[in-house]
1. For region 47-78 and region 83-106, what is the separation of their C-alpha centers, rounded to whole Å?
2. Would you mind working out the magnitude of the charge dipole of the chain relative to its Cα centre, with +1 at each Lys and Arg C-beta and -1 at each Asp and Glu C-beta, to the nearest 20 Debye?
3. Just how many % of Cα pairs in region 49-104 lie over 19 Å apart, if you round to the nearest whole percent?
4. Out of Arg18, Arg73, Arg86, any idea which swings most in a Gaussian network model of the chain, alpha carbons joined below 10 Å?
5. Under the √(5λ) rule applied to the eigenvalues of the Cα gyration tensor, what semi-axes describe the equivalent ellipsoid of the chain? Give them in Å, descending.
6. Give, in nm to one decimal, the length gained when the segment between Ala106 and Gln16 is fully stretched (0.36 nm per residue of separation minus the Cα-Cα distance).
7. When we measure straight from the Cα of Lys87, which aspartates and glutamates land under 15 angstrom away, once same-chain ones fewer than 8 places off are left out?
8. Could you name the lysines whose alpha carbon sits less than 19 Å from that of Lys98, not counting residues in the same chain fewer than 8 places away?
Amino acid sequence: MGGRKKLSLTQMERLQSRRQGEQERRRVRSQSVMSEKRTASVVLPEIDESLVDEIRQMKVVTPFAVSSRFGLRISVAKDLLEELERKKIVELVSRSRKTKIYKVAA
């Protein structure tokens with residue numbers, strides 16, 4: 001017998017307004033995240049001098065840093081860095097199972 005006590009009218013109003021506010025914030029947040037998260041296509045971009053100059057300014061080059069700077073997917077950034085390594089523009093410093101760390105070749 002017992003059970004939960006009924007809420008008063010003011011308590012129910014507060015609870016209802018909080019829930020509506022949270023739902024509104026979630027909806028706005030999800031819409032903004034979906035509109036902001038646009039990345040470039042899966043095709044490897046052309047390696048031109050401006051791209052190489054940008055990478056040469058970086059102290060440490062990782063796939064995440066390249067993808068965030070140029071708006072690429074991580075997989076495309078990994079392919080780009082492997083291509084730059086073949087062309088001797090960057091060299092591999094360290095690697096683990098998940099990530100590779102490069103530096104600009106001297």
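1. Answer, in whole Å: 11.
2. 1120 debye
3. 13 percent
4. Comparing Arg18, Arg73, Arg86 in the GNM, the peak value goes to Arg18.
5. Working: eigenvalues 525, 53, 24 Å².
Each semi-axis is √(5λ); the values are 51, 16, 11 Å.
6. Values: separation 90, 0.36 × 90 = 32.40 nm, distance 6.31 nm.
Stretched fully, the Ala106-Gln16 segment lengthens by 26.1 nm.
7. Lys87 reaches Glu46, Asp48, Glu49, Asp53, Asp79.
8. Lys78
None of the figures in this text is laboratory data; all of them are computed from the coordinates on show. Quick caveat: nothing in here was measured; it's all calculated off a predicted structure. Methodologically, a virtual Cβ is constructed for each residue, glycine included, from the backbone with ideal geometry; neighbour enumeration extends over all protein chains shown.
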